[in-house]
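One structure, pasted below without further comment.
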Amino acid sequence: KVNVNNIQGDVLSGLPKKTQTFMFFKITNGKQFVADLVKLVPLIQTVAQSLKDRDDIDQHKKAKKPGLIPMAGANISLTKTGLDAMGFTAAMIANTALTEATFQKGAIADAPSLNDPLLPSTQTPDWEQEFLNGIDGLLLVAGSDHDSVQKKIAQIQKVFPADPNHSSITIVKTITGDVRPGDQSGHEHFGFLDGISNPLIAGFDKTVPGPTPIDASNVLTGYTQANDWTQDGSFLVFRYLLQKVPEFNNFLDANRLQNDPITSASLTEQQGSDLLGARLVGRWKSGAPIDISPFQDDPTLANNLQQRNNFDYANEFRDNNKCPWAAHIRRTNPRTDSTRKGPIDNRRIMRRGIAFGPEVNDAEASSGTTQQDRGLLFACYQANITNAFRFIQTLWANNPTFPFIGADIKPPTPLTPGVDPLIGQVAAGQPRQMSGYDPLTANDPDQKPLSMETFIVPRGGAYLFVPPIKLLREFNRH
Ligand code: N7H
């Protein structure tokens, strides 16, 4: 049974949000900070409170009441350098989940192995300076509107005053994300509905048809060894990802597919561009999965909560026809492409990102060039960063030969699938390309792969531990 009062709310149910502010901080007084955390506990939203907020929202909607219920919730997490600043030594964290290698390494040192672009002069990641200076922790506040979030921040400032001279921390970077306006609500900046497929937790989430629910120990720390005082914590991977939206749209137009895969009739420009976009993502902008509805959008399917995640690529494990192997959602959760080799429950992540930045303006759209920063504040939770986020990014998304199924099937496929067209990052000088994008030639060994520019640019990141509530009160005992 999941301990809903001990887990921070964003980890399992997610903090209900239309807007979210991320405040990254440095610890200036470790001892004082440990004492301050005890005072912060009443302001930290638990899973139990998130569930209650969600119930209230449902009631409000059912009663067809106007507007949103004002609400906001806060969570806190710490990096390895943050734990160092609090006085934690290697001996003190021995035999706990905190020894996990990628968390210990930290996001800056790990970035080159994700193929994040490096600055030629320093060989450090090409990130915003505040992230390169190092982050000790993150306070995140999510809510229904900016006012509610600001009120919660004001309460937090009673514990951590804005004036760094009177606080145990200094906020070094603040970023706010907002759900996009109007009918784009819930869609990320490329226009695709997001937040559809997250792992279901056995015994906690209501089951819907789709991937088998996973054990909570894949998301929560401290359940794999005895007497681990990190139990009910989690690891949060944050990535500050810029999206080049006009460039992405231009690319889809320039490389649009020409013919209907079934009738061979000519597609309109819009149809050809939309079909290519769906091939890159694995879903139509509506959210309908192309494994079920491969060649045209199906809004009814997209709105059917029982069916829209109910597919597993089993009908095409040896081909690219309905959904390319490289497509973003097939790459990041390969379902039966991978489960035939063993369970992938430890690769699943709880995604909690939010869009940031303004809508594309006319000048950007007509020039096809990004002028203002926008993208995704990517956040995901897991029990082990090495096994989950890092594995997905390096061994799946960046790996042109995944899913290696050629060797398993007879005859083996001669195709190289290529990298994830959205998040796949290649080493400098390596080709960034995928095959199978055109359904008419999807499995043709002689097809020309599609070469792709980079549409998603990493500008920062942090690997954080999300302590259970009990530990926030008791850090000084460990
Ligand atoms: Fe992705 N996008 O808008 O195209 N993602 N993603 N992601 N992503 C998903 O199924 C997107 C990123 C995963 O279970 C959807 O809920 C963008 C990173 C996983 O079938 C869409 C960015 C990583 C899934 C996007 C981005 C992942 C997933 C479909 C960056 C991990 C679930 C909506 C700016 C390393 C797969 C849905 C499954 C789905 C987009 C980043 C992973 C539309 C724009 C960095 C595991």
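The values are calculated or read from the model by the stated rules, or taken from the named source; none is laboratory data. Predicted, not measured: the structure shown is a model, and the values here were computed from it. So basically every Cβ, Gly included, is an ideal-geometry build from the backbone, and we count neighbours across all protein chains shown. Accessible surface is based on the protein model in full, side chains and every heavy atom, while ligands, DNA and RNA are left aside. Shrake-Rupley method; radii C 1.70, N 1.55, O 1.52, S 1.80 Å.
Just give me the residues in the stretch 400-429 being at pLDDT 95 or above and polar (S, T, N, Q), in sequence order.
The one that is at pLDDT 95 or above and polar (S, T, N, Q): Gln425.
May I ask you to list the residues in the stretch 75-112 that are of a type in the set (S, T, N, Q) and in contact with a Lys or Arg (Cβ under 8 Å, 6 or more places away or on another chain)? I'd like the intermediate steps shown before the answer.
Kept after step one, since they are of a type in the set (S, T, N, Q), are these residues of the stretch 75-112: 75, 77, 79, 81, 89, 95-96, 99, 102, 104.
Scanning the stretch 75-112 gives Thr102, Gln104.
Only residues that are open to solvent by 20 Å² or more (accessible area, probe 1.4 Å), in contact with a helix residue (DSSP H, G or I) (Cβ under 6 Å, 6 or more places away or on another chain), near the ligand (Cβ under 9 Å from one of its atoms) and not polar (S, T, N, Q): list them for the stretch 321-332, please. Lay out the reasoning, then the answer.
Of the stretch 321-332, the ones open to solvent by 20 Å² or more (accessible area, probe 1.4 Å) are 321-322, 328-329, 332.
Filter again for in contact with a helix residue (DSSP H, G or I) (Cβ under 6 Å, 6 or more places away or on another chain), leaving 322, 328, 332.
Subsequent filtering for residues that are near the ligand (Cβ under 9 Å from one of its atoms) retains 328, 332.
The answer is His328, and nothing else.
Would you confirm whether any residue within the stretch 333-352 is within 24 Å of Val466 (Cβ to Cβ), open to solvent by less than 50 Å² (accessible area, probe 1.4 Å) and away from the ligand (no atom under 11 Å from the Cβ)?
yes
Residue check: is Pro125 surrounded by fewer than 16 Cβ atoms within 10 Å (Cβ to Cβ) and at negative phi? Can you show your working first?
Values: surrounded by fewer than 16 Cβ atoms within 10 Å (Cβ to Cβ): no; at negative phi: yes.
In short, no.
Look through Asp274, Asp228 and report the one residue that is within 30 Å of Glu474 (Cα to Cα) and surrounded by fewer than 23 Cβ atoms within 10 Å (Cβ to Cβ). Working first, answer last.
On the way: Asp274 fails: within 30 Å of Glu474 (Cα to Cα).
Of Asp274, Asp228, the one residue that is within 30 Å of Glu474 (Cα to Cα) and surrounded by fewer than 23 Cβ atoms within 10 Å (Cβ to Cβ) is Asp228.
From the set of residues in the stretch 355-392 that are among the polar types (S, T, N, Q) and more than 16 Å from Thr102 (Cβ to Cβ), which is surrounded by the most Cβ atoms within 10 Å (Cβ to Cβ)? Before you say what the answer is, go through the steps one by one.
Taking the stretch 355-392 and keeping what is among the polar types (S, T, N, Q), we get 361, 366-367, 369-372, 382, 384, 386-387.
Imposing the further condition that a residue be more than 16 Å from Thr102 (Cβ to Cβ) reduces the set to 361, 366-367, 369-372.
Numbers: Asn361: 11, Ser366: 9, Ser367: 11, Thr369: 12, Thr370: 20, Gln371: 12, Gln372: 12.
So, considering only residues that are among the polar types (S, T, N, Q) and more than 16 Å from Thr102 (Cβ to Cβ), the one surrounded by the most Cβ atoms within 10 Å (Cβ to Cβ) is Thr370.
Next question. Look through Ala383, Ala379, Ala363 and report the one residue that is in contact with a helix residue (DSSP H, G or I) (Cβ under 9 Å, 6 or more places away or on another chain), more than 11 Å from the ligand (Cβ to nearest atom) and of a type in the set (A, V, I, L, M). Walk me through it before giving the result.
Values: Ala379 fails: more than 11 Å from the ligand (Cβ to nearest atom); Ala363 fails: in contact with a helix residue (DSSP H, G or I) (Cβ under 9 Å, 6 or more places away or on another chain).
Result of the check over Ala383, Ala379, Ala363: Ala383.
Return the residue satisfying two criteria in turn: it lies in the stretch 446-467 and is assigned to a loop (DSSP other than H, G, I, E, B) and not hydrophobic (A, V, I, L, M, F, W, C), and of such residues it is surrounded by the fewest Cβ atoms within 10 Å (Cβ to Cβ).
Step one: of the stretch 446-467, the residues assigned to a loop (DSSP other than H, G, I, E, B) are 446-449, 452-455, 467.
Okay, now just the ones that are also not hydrophobic (A, V, I, L, M, F, W, C), so 446-449, 453-454, 467.
Values: Asp446: 7, Gln447: 16, Lys448: 10, Pro449: 18, Glu453: 10, Thr454: 16, Pro467: 27.
For the stretch 446-467, the residue satisfying everything is Asp446.
The rows are residues; the columns are (1) part of a helix (DSSP H, G or I); (2) of a type in the set (A, V, I, L, M, F, W, C); (3) open to solvent by 60 Å² or more (accessible area, probe 1.4 Å); (4) in contact with a helix residue (DSSP H, G or I) (Cβ under 9 Å, 6 or more places away or on another chain).
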site: Lys52; (1), (2), (3), (4): yes, no, yes, no
site: Asp56; (1), (2), (3), (4): yes, no, no, no
site: Asn75; (1), (2), (3), (4): no, no, no, yes
site: Thr81; (1), (2), (3), (4): yes, no, yes, no
site: Thr102; (1), (2), (3), (4): yes, no, no, yes
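Within the stretch 132-149, is there a residue that is farther than 24 Å from Asp36 by Cα and among the polar types (S, T, N, Q)?
From the stretch 132-149, those farther than 24 Å from Asp36 by Cα are 132, 144-147; that's our starting set.
From what's left, among the polar types (S, T, N, Q): 144.
Yes.
Which condition number in (1) open to solvent by 50 Å² or more (accessible area, probe 1.4 Å); (2) away from the ligand (no atom under 16 Å from the Cβ) is the one that Gly418 fails?
(1)
Residues Gly222, Gly210, Gly191: which one is within 16 Å of the ligand (Cβ to nearest atom), open to solvent by less than 30 Å² (accessible area, probe 1.4 Å), closer than 30 Å to Ile344 by Cα and out of contact with any strand residue (DSSP E or B) (no Cβ under 9 Å at 6 or more places or on another chain)?
Numbers: Gly222 fails: within 16 Å of the ligand (Cβ to nearest atom); Gly210 fails: open to solvent by less than 30 Å² (accessible area, probe 1.4 Å).
Answer to the selection: Gly191.
Of the conditions (1) at pLDDT below 95; (2) crowded, with 17+ Cβ neighbours inside 10 Å, Thr46 satisfies every one except a single condition; which number is it?
For Thr46, the failing item is (1).
Right, Ser293: more than 13 Å from the ligand (Cβ to nearest atom), on the phi < 0 side of the Ramachandran plot and modelled with pLDDT of 95 or more or not? First the steps, then the outcome.
Numbers: more than 13 Å from the ligand (Cβ to nearest atom): yes; on the phi < 0 side of the Ramachandran plot: yes; modelled with pLDDT of 95 or more: yes.
So Ser293 fits the description; yes.
Can you say whether Gln307 is under 22 Å from Thr454 (Cβ atoms) and touching a residue at least 12 places away in the same chain (Cβ under 8 Å), as far as the supplied structure shows?
Working: under 22 Å from Thr454 (Cβ atoms): no; touching a residue at least 12 places away in the same chain (Cβ under 8 Å): yes.
No.
If you don't mind, there's one more thing I want to ask. Collect the residues in the stretch 246-269 that are in contact (Cβ under 8 Å) with a residue 12 or more places away in the chain, more than 21 Å from Phe190 (Cα to Cα) and open to solvent by 60 Å² or more (accessible area, probe 1.4 Å), keeping them in residue-number order.
The first filter runs over the stretch 246-269 and keeps only residues in contact (Cβ under 8 Å) with a residue 12 or more places away in the chain, leaving 246-253, 255-262, 264, 269.
Keeping just the survivors that are more than 21 Å from Phe190 (Cα to Cα) gives 258-262, 264.
Passing the criteria: Gln258, Ile262, Ser264.
Output the residues belonging to the stretch 115-148 that are aliphatic (A, V, I, L, M) and assigned to a loop (DSSP other than H, G, I, E, B). Full working, then the answer.
Here is the first cut: in the stretch 115-148, the residues aliphatic (A, V, I, L, M) are 118-119, 132, 135, 138-142.
Listed by number, the residues that qualify are Leu119, Ile135.
Additional query: Does the stretch 248-290 hold any residues that are over 21 Å from Gly368 (Cα atoms) and away from the ligand (no atom under 16 Å from the Cβ), and which are they?
If the condition is that a residue be over 21 Å from Gly368 (Cα atoms) and away from the ligand (no atom under 16 Å from the Cβ), then Gln258, Asn259, Asp260, Pro261, Ile262, Thr263, Ser264, Ala265, Ser266, Leu267 are the ones that fit.
Separate question: If you take the residues of the stretch 421-445 that are surrounded by fewer than 23 Cβ atoms within 10 Å (Cβ to Cβ) and of a type in the set (S, T, N, Q), which of them is farthest from Ile329 (Cα to Cα)?
Among those residues, the one meeting the criterion is Gln430.
Here is a list: Thr122, Thr96. Which entry is among the hydroxyl-bearing types (Ser, Thr, Tyr) and at pLDDT 95 or above?
On the way: Thr122 fails: at pLDDT 95 or above.
Exactly one residue qualifies, and that residue is Thr96.
Can you tell me which residues in the stretch 391-405 are away from the ligand (no atom under 12 Å from the Cβ) and either assigned to a helix (DSSP H, G or I) or among the aromatic types (Phe, Trp, Tyr) (or both)?
Step one: filter the stretch 391-405 for residues away from the ligand (no atom under 12 Å from the Cβ), giving 399-405.
Of everything in the stretch 391-405, those that are away from the ligand (no atom under 12 Å from the Cβ) and either assigned to a helix (DSSP H, G or I) or among the aromatic types (Phe, Trp, Tyr) (or both) turn out to be Phe402, Phe404, Ile405.
So for the stretch 178-188 (the condition being open to solvent by less than 20 Å² (accessible area, probe 1.4 Å) and at pLDDT 95 or above), does at least one residue qualify? Give the derivation first.
In the first step, residues of the stretch 178-188 are kept if they are open to solvent by less than 20 Å² (accessible area, probe 1.4 Å); the result is none.
Scanning the stretch 178-188, I find no residue that is open to solvent by less than 20 Å² (accessible area, probe 1.4 Å) and at pLDDT 95 or above, so the answer is no.
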